[in-house]
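A.B. asks: Sending over a structure as structure tokens; questions will come in a sec.
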Amino acid sequence: MPSSINPATGETVGTHPFLTDPDIEAALVRATRANLTWSAMSCAERAVPMKTAAALLRAAKNDLARTITLEMGKPLAEAEAEVDKSAWNCEYVADRAEQWLADELVQTEARQSYISYLPLGTVLAILPWNFPVWQIFRCAVSLLMAGNTVLLKHAPNVLGCAQLVADLMNRAGFPEGAFQNLPIPVERIGRVITDSRVAGVTLTGSPAAGAAVAAQAGAACKKSVLELGGSDAFIVLDDADLDAAVAAGVRARFSNCGQVCLAAKRFIVTPGVAAQFEERFVEEVRKLRSGDPLDRATKIGPLARDDLRITLYTQVRDSTAAGAKLVMGGHPRPGRGFFYEPTVITDATPGMPVVCQETFGPVAAIMRARDAEDAAALANHSRYGLSSAIWSRDVSRARSLARRIAAGGVFINATSASDPRMPVGGIKLSGYGRELGVAGMREWVNMQSVWVAGP
């Protein structure tokens with residue numbers, strides 16, 4: 001039976017039993033039955049419970065945020081922002097789904113020809129712990145508004161959040177079985193993926209988890225969408241607004257204690273500003289207060305699990321042994337909880353763990369590039385390709401450089417973030433497919449071509 005452990009104290013805050021095989025079968029039956037009614041509804045009808053869910057999210061923000069913080073350690077203010085963002089996504093997609101899913105006319109020699117966007121059926125969503133509420137709504141809103149039903153397999157350390165959301169969706173008025181919490185162990189996932197009543201699977205997680213799920217889905221000829229994390233480059237060119245770049249860089253690396261797939265992880269700086277950027281960046285990081293995530297003054301909470309802390313420490317240790325310079329931090333914090341010191345490393349080079357691996361925690365690795373072209377080459381020297389940022393006052397040059405960055409997103413003079421209005425996803429080891437926006441919705445529909453001949 002999985003337990004939720006408060007990462008700030010190490011204490012158990014809840015236990016949540018896995019479903020039995022008969023429970024799983026009953027959930028699949030309910031989802032199949034719900035498909036009949038939910039898929040037949042209009043977008044306007046589907047929008048009613050979705051907007052109710054947004055209102056319920058805002059009303060339950062305090063309880064949800066506290067549960068997020070207790071289960072995975074996110075500072076309370078960030079947890080509240082996560083709930084607000086989830087409500088925004090519900091409303092944004094509900095207001096636009098009809099337009100996004102409308103039949104699309106195509107001019108041909110036929111009397112009429114068009115593309116319809118129809119539901120696929122039941123989709124299994126396998127989600128991580130780092131944004132335990134937002135991750136649900138990031139994928140489920142588009143799936144539901146497209147007329148699909150959803151089975152949620154959440155991370156075992158945030159099952160309290162999963163159940164709270166499932167209860168909320170039930171109160172919002174979705175048909176029974178349209179959205180279900182499916183707490184199951186890893187060894188049961190394959191059974192659900194290959195079940196004939198499941199149309200596809202979406203996963204946010206590690207490359208190893210993505211490869212395993214993709215193999216199972218592929219063997220069953222089923223759709224999959226994978227968002228697999230990254231080692232995002234944050235490029236600072238000589239003409240950057242250094243005040244803005246430093247402030248944004250600290251936020252981009254240390255929000256959620258650095259446990260963000262889209263977080264800046266590799267800071268690539270050109271010679272004219274490198275020394276100044278490093279000095280000011282470290283100065284700002286030293287100001288970050290680490291401590292109890294329920295205290296609103298806290299900016300850095302604990303890591304979600306102790307094994308994550310051990311992995312991070314090993315990455316830092318091995319990188320400094322390879323020649324990187326440890327400027328600050330670099331060690332687990334003594335005492336209760338899974339805290340790790342905010343850490344900055346300079347003189348990082350390709351091949352070091354803090355550069356070639358994903359560092360999921362409060363560790364910033366700073367690299368120096370010869371010029372803008374070398375910065376782009378360093379950014380692309382990665383197995384990952386999720387997102388990136390470019391800081392320069394010459395927006396035209398930054399836009400040109402962006403086209404040469406091998407990543408699913410490029411943010412110019414801004415920090416990488418998911419947004420309901422724009423698709424998010426990656427290439428290379430960062431996965432494939434997109435979530436959010438019209439592209440995210442159309443990942444999970446049958447694009448049916450209709451050709452009408454005379455008379």
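A.B. asks: Does residue 327 count as within 24 Å of the chain's Cα centre (by Cα), within 21 Å of residue 281 (Cβ to Cβ) and either in a loop (DSSP other than H, G, I, E, B) or among the β-branched types (Val, Ile, Thr) (or both)?
C.D. replies: Working: within 24 Å of the chain's Cα centre (by Cα): no; within 21 Å of residue 281 (Cβ to Cβ): yes; either in a loop (DSSP other than H, G, I, E, B) or among the β-branched types (Val, Ile, Thr) (or both): yes.
The answer is no for residue 327.
A.B. asks: Let me ask another. Does residue 390 count as touching an Asp or Glu at 6+ places or on another chain (Cβ under 7 Å), part of a strand (DSSP E or B) and closer than 27 Å to residue 257 by Cα?
C.D. replies: Against the criterion (touching an Asp or Glu at 6+ places or on another chain (Cβ under 7 Å), part of a strand (DSSP E or B) and closer than 27 Å to residue 257 by Cα), residue 390 does not qualify.
A.B. asks: Further question: Does the stretch 242-287 hold any residues that are part of a loop (DSSP other than H, G, I, E, B) and either within 22 Å of residue 72 (Cα to Cα) or more than 28 Å from the chain's Cα centre (by Cα) (or both), and which are they?
C.D. replies: If the condition is that a residue be part of a loop (DSSP other than H, G, I, E, B) and either within 22 Å of residue 72 (Cα to Cα) or more than 28 Å from the chain's Cα centre (by Cα) (or both), then 259, 260, 261, 262, 263, 270 are the ones that fit.
A.B. asks: Restricting attention to the stretch 95-115, and to residues there that are touching a Cys at 6+ places or on another chain (Cβ under 8 Å) and of a type outside the set (D, E, K, R), which single residue is nearest to residue 446 (Cα to Cα)?
C.D. replies: Checking each candidate, the answer is 101.
A.B. asks: Additional query: Would you mention how many residues in the stretch 12-30 are assigned to a strand (DSSP E or B) and either in contact (Cβ under 8 Å) with a residue 24 or more places away in the chain or surrounded by 14 or more Cβ atoms within 10 Å (Cβ to Cβ) (or both)?
C.D. replies: As a first pass, look at the stretch 12-30 and keep what is assigned to a strand (DSSP E or B): 12-15.
This time we only want the ones that are either in contact (Cβ under 8 Å) with a residue 24 or more places away in the chain or surrounded by 14 or more Cβ atoms within 10 Å (Cβ to Cβ) (or both), so: 13-14.
The qualifying residues number 2.
A.B. asks: Shifting gears a bit: For the list (1) acidic (Asp, Glu); (2) under 23 Å from residue 250 (Cβ atoms); (3) crowded, with 20+ Cβ neighbours inside 10 Å, I need the number of the one condition that residue 419 fails.
C.D. replies: It fails just one condition, (3).
A.B. asks: Considering only residues that are assigned to a loop (DSSP other than H, G, I, E, B) and free of Cβ contacts under 8 Å to residues at least 60 places away in the same chain, look in the stretch 410-454 and name the one that is nearest to residue 242 (Cα to Cα).
C.D. replies: Among them, the one singled out is 410.
A.B. asks: When you scan the stretch 132-229 for strands (runs of 3 or more DSSP E) that lie fully inside it, which ones turn up with 2 or more residues that are small (Gly, Ala, Ser)? Steps first, please.
C.D. replies: Details: elements: 149-153, 179-181, 198-204, 223-227.
Where strands (runs of 3 or more DSSP E) fall fully within the stretch 132-229 and carry at least 2 residues being small (Gly, Ala, Ser), they are 198-204.
A.B. asks: From the residues in the stretch 116-131 that are part of a loop (DSSP other than H, G, I, E, B) and among the aromatic types (Phe, Trp, Tyr), which one is nearest to the chain's Cα centre (by Cα)?
C.D. replies: Filtering the stretch 116-131 for residues that are part of a loop (DSSP other than H, G, I, E, B) and among the aromatic types (Phe, Trp, Tyr), the one nearest to the chain's Cα centre (by Cα) comes out as 131.
A.B. asks: If residue 140 passes every condition in (1) surrounded by 22 or more Cβ atoms within 10 Å (Cβ to Cβ); (2) among the small types (Gly, Ala, Ser); (3) at positive phi but one, which one does it miss?
C.D. replies: (3)
A.B. asks: Picking from 189, 184, 235, 193, which residue would you name as being over 21 Å from residue 124 (Cα atoms) and in contact with a helix residue (DSSP H, G or I) (Cβ under 8 Å, 6 or more places away or on another chain)?
C.D. replies: Working: 189 fails: over 21 Å from residue 124 (Cα atoms); 184 fails: over 21 Å from residue 124 (Cα atoms); 193 fails: over 21 Å from residue 124 (Cα atoms).
One residue alone meets the criteria, 235.
A.B. asks: Among the residues of the stretch 143-179, how many are under 19 Å from residue 23 (Cβ atoms) and touching a Gly at 6+ places or on another chain (Cβ under 7 Å)?
C.D. replies: 2
A.B. asks: Something else: Please specify each residue of the stretch 348-368 satisfying the condition of being in a strand (DSSP E or B) and either buried (at least 22 other Cβ atoms within 10 Å of the Cβ) or not assigned by TED's automatic domain parsing to the domain that holds residue 285 (or both). Even if it seems obvious, please write down each step before you answer.
C.D. replies: Start the filter on the stretch 348-368 by keeping residues that are in a strand (DSSP E or B), which leaves 363-368.
Matches in the stretch 348-368: 363, 364, 365, 366, 367.
A.B. asks: Which condition does residue 1 not pass, out of (1) modelled with pLDDT under 95; (2) within 21 Å of residue 445 (Cβ to Cβ), if it passes all the others?
C.D. replies: Unmet condition: (2).
A.B. asks: Within the stretch 321-344, how many residues are surrounded by fewer than 16 Cβ atoms within 10 Å (Cβ to Cβ) and either touching a helix residue (DSSP H, G or I) at 6+ places or on another chain (Cβ under 9 Å) or under 30 Å from residue 3 (Cβ atoms) (or both)?
C.D. replies: 6
A.B. asks: Which condition number in (1) touching a Pro at 6+ places or on another chain (Cβ under 6 Å); (2) over 18 Å from residue 346 (Cβ atoms); (3) in the same structural domain as residue 358 (by TED's automatic domain parsing); (4) not hydrophobic (A, V, I, L, M, F, W, C) is the one that residue 258 fails?
C.D. replies: Condition not satisfied by residue 258: (2).
A.B. asks: State which residue is surrounded by the fewest Cβ atoms within 10 Å (Cβ to Cβ) when the search covers only the stretch 157-213 and only residues that are within 26 Å of residue 36 (Cβ to Cβ) and free of Cβ contacts under 8 Å to residues at least 24 places away in the same chain.
C.D. replies: Here the answer is 196.
A.B. asks: So the check is Cβ under 7 Å with 6+ separation or different chains; which pairs have a first residue in the stretch 370-394 that's loosely packed, with under 15 Cβ neighbours inside 10 Å and a second one that's in a strand (DSSP E or B)?
C.D. replies: Taking only residues 6 or more apart or on different chains, the pairs are 383/428.
The values are calculated or read from the model by the stated rules, or taken from the named source; none is laboratory data. Note that the structure is a prediction, hence the values are computed from the model and not measured. Neighbour counts are summed over all protein chains in view; Cβ atoms, including those assigned to glycine, are modelled from backbone coordinates with ideal geometry.
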